[in-house]
Amino acid sequence: MVGLDERLEAVYVEVTRRNPGEAEFHQAVREVLESLSPVLAKRPELVECKMIERICEPERQIIFRVPWQDDKGELHVNRGFRVQFNSALGPYKGGLRFHPSVYLGIIKFLGFEQIFKNALTGLPIGGGKGGADFDPKGKSDNEIMRFCQSFMLELHRYVGEYQDVPAGDIGVGGREIGYLFGMYKRITSQYESGVITGKGLNWGGSLVRTEATGYGAVFFAREMLAVRGQEIEGKTCVVSGSGNVAIYTIQKLSQLGARVVACSDSDGVIYDESGIDLPLLKQLKEVERVRIEEYSERKKDSRYVPHGNIWEIPCNLAFPSATQNELNGRDAAALVKNGCVAVVEGANMPATPDAIRTFTEANVAFGLGKAANAGGVATSALEMQQNASRDSWSFDYTEQRLDHIMRGIHRNVYETSVEYGSPGNYVVGANITGFLRVADAMLALGVI
Ligand code: NDP
Ligand code: 2IT
């Protein structure tokens with residue numbers, strides 16, 4: 001761990017004391033605090049008004065029971081969460097994660113990251129996150145629907161167009177958003193499109209939202225490479241995961257002339273030297289919802305490595321797009337050794353602090369998730385705009401808006417990194433830019 005100045009260390013110790021056992025939340029807080037020393041030197045009033053202490057404490061945390069019945073009639077009880085972290089810039093905004101590993105510490109780390117990510121988009125959205133320790137794997141469509149309905153039966157009290165606007169994350173995609181929105185509509189008897197994003201195109205959704213996180217990450221990578229006089233075209237890439245973010249990262253990379261040779265799921269890695277076959281991948285993951293192993297059954301010149309390590313595959317660009325802490329210091333060293341020039345986080349906090357240090361020391365361009373994967377939530381905010389104006393925009397127009405937002409985030413983050421003496425350090429740039437936007441709004445709003 002990097003040393004913190006005395007005041008920040010005291011805040012960190014207090015956060016760990018007040019939130020015991022929440023390792024991911026501690027890690028996310030520490031990463032932001034490690035960027036903030038130069039800000040406090042310039043802005044001592046932020047120390048006096050306890051701005052960091054306030055930002056580290058969620059405005060509200062909701063935990064609820066989610067009972068549901070499986071197809072055999074057996075009853076199950078899961079735990080649901082919504083952490084409404086910060087609403088200085090707008091209504092709480094952030095996804096819902098359904099995964100068995102979910103507990104309060106995961107939702108708080110994601111909610112905390114979301115505050116600064118959303119601030120970086122420049123759009124009027126606060127930060128929040130939610131989910132459940134429900135495992136969607138192996139569940140029937142009807143079981144998924146019953147779970148979503150039970151989840152919304154409780155969550156509906158706390159969400160709304162002007163209050164809190166959920167969306168998808170791991171285990172929550174278009175199908176789940178449909179069941180959640182359907183139940184909300186039924187409970188409230190209102191067609192309140194702006195209550196949730198990631199909706200289907202014929203019931204209030206936005207073109208490009210499905211693609212947005214992956215496309216945005218690639219746009220961000222393009223800007224990072226441009227600073228170094230390089231481009232996406234001709235690069236060999238690996239993209240971990242094979243879910244929403246991974247699929248559309250692969251798609252945009254291919255459109256821009258890169259070759260993606262590997263992707264993965266939590267069971268193993270697919271290596272396909274000729275480049276991942278996107279229609280096949282989409283068929284397997286979006287339609288059939290099967291394991292990635294099936295890819296090698298259908299495409300004989302590819303290889304499946306059970307429990308393989310995707311970061312050991314030589315590449316120029318790496319896009320960790322599965323989950324938190326999926327890329328550690330050893331993985332980072334392997335990437336550096338094999339000539340990787342840029343790492344761009346499609347997932348939230350996929351690189352461990354060790355890995356980030358390794359990339360920084362090796363002068364590998366490192367795109368922090370808060371900045372690089374902000375295209376998803378930014379396009380959610382564009383979906384909210386379309387809902388509020390009862391309009392729907394074309395694919396091209398929406399993609400241009402996304403591209404413009406990603407360029408803007410890159411420019412602001414890069415300029416901040418220069419201003420604070422760490423040119424090209426996107427960790428420092430993103431954390432300081434995001435923090436200052438939220439802190440300045442909170443200052444203006446009084447003691448909140
Ligand atoms: P999906 O559920 O669509 O896909 C998740 C992928 O990651 C799957 O391939 C899954 O494999 C893999 N994965 C999940 N958990 C683990 C784990 N514990 N170990 C190994 N692999 C795992 O989710 P998304 O693509 O939406 O999300 C991926 C990441 O991107 C997450 O970190 C999310 O927070 C982040 N993100 C998502 C955004 C969005 O708009 N969807 C926006 C910004 C960030 P398996 O099927 O085996 O579980
Ligand atoms: O982590 C994220 O930014 C998301 N899962 C997307 C959130 C959103 O509200 O679109």
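The values are calculated or read from the model by the stated rules, or taken from the named source; none is laboratory data. What you see is a predicted model; the values in this text were computed from it and never measured. Reconstructed Cβ throughout: ideal geometry from the backbone, glycine too, with neighbour counts over all protein chains shown. Note: areas computed on protein heavy atoms with side chains; ligands, DNA, RNA excluded. Shrake-Rupley method; radii C 1.70, N 1.55, O 1.52, S 1.80 Å.
Helices in the chain that qualify as membrane-span-like (whole DSSP H runs, Cα extent of at least 15 Å along the helix axis, mean Kyte-Doolittle hydropathy of -0.5 or higher) are 23-42, 104-121, 141-155, 174-188, 209-227, 244-255, 375-388, 426-444.
Measure off, as a whole percent, the carbon and sulfur share of the 1.4 Å-probe accessible area of the chain, all protein chains present.
Working: 8890 of 17910 Å².
The value for the chain is 50 percent carbon and sulfur by accessible area.
The simple Förster model, with R0 at 45 Å and r as the Cβ-Cβ distance, assigns residue 443 and residue 101 a FRET efficiency of 0.80. If the chain linking residue 407 and residue 289 were pulled fully straight, counting 0.36 nm for each residue of separation and taking away their Cα-Cα distance, it would gain 39.1 nm. Could you name the aspartates and glutamates in cross-link range of residue 117, using Cα to Cα under 15 Å and dropping any fewer than eight places away on the same chain? Within reach: 31, 169, 345. Among the listed pairs 72/299; 42/252; 185/370; 72/285; 93/285; 337/370, those whose Cα-Cα separation exceeds 30 Å are 72/299; 42/252; 185/370.
Structural size metrics of region 341-448, computed from C-alpha coordinates, are Rg and Dmax of 16.2, 49 Å.
In loop segments of region 360-405 as defined by DSSP, the trypsin sites (Lys or Arg not before Pro) with at most 13 further C-beta atoms inside 10 Å of their C-beta are 390. Under a Gaussian network description of the chain, with springs only between Cα atoms under 10 Å, the residue in 89, 110, 75 that fluctuates furthest is 75. Averaging the Cα positions of each part gives two centres, and for region 176-194 and region 219-239 these lie 40 Å apart. Heavy-atom accessible surface of residue 303, to the nearest 10 Å², is about 140 Å², with a 1.4 Å probe and all protein chains retained. In this label model, residue 74 and residue 282 are separated by 3.7 nm, measuring between points 7 Å along each Cα→Cβ vector. For region 43-114, trypsin sites (Lys or Arg not before Pro) are listed when DSSP marks them as loop and at most 15 other Cβ atoms sit within 10 Å of their Cβ; the list is 50, 72.
What does the accessible area per residue of the chain come to in Å², with a 1.4 Å probe and no ligands, DNA or RNA counted?
The answer is 40 Å² per residue.
Grab the DSSP H runs of the chain that are 4 residues or longer, score each as -39,500 (n - 2.57), total them, divide by all residues and round the 222 nm result to the nearest 500 deg cm²/dmol. Before the final figure, lay out the partial values.
Details: 17 runs with 213 residues, N = 448.
Mean residue ellipticity, 222 nm, calculated: -15000 deg cm²/dmol.
Here the chain is assigned +1 on the Cβ of each Lys and Arg and -1 on the Cβ of each Asp and Glu. Its dipole about the Cα centre then comes out at about 560 debye. The length gained by stretching the chain between residue 45 and residue 162 to full extension, at 0.36 nm per residue less their Cα-Cα distance, is 39.1 nm.
Looking at the chain, identify the longest residue range that excludes and avoids all GluC sites (Glu not before Pro) in DSSP loops having at most 15 other Cβ atoms within 10 Å. Answer - 274-448. Loop-located chymotrypsin sites (Phe, Trp or Tyr not before Pro) across region 137-215 with a Cβ neighbour count of 14 or fewer within 10 Å are 162, 191, with loop assigned by DSSP. Ranking 187, 174, 212 by how far each Cα lies toward the positive end of the dipole of region 162-244 (charges on Cβ) leaves 187 at the top. Build a GNM of the chain with springs between Cα atoms under 10 Å apart, and of 365, 41, 342 the one that fluctuates most is 41.
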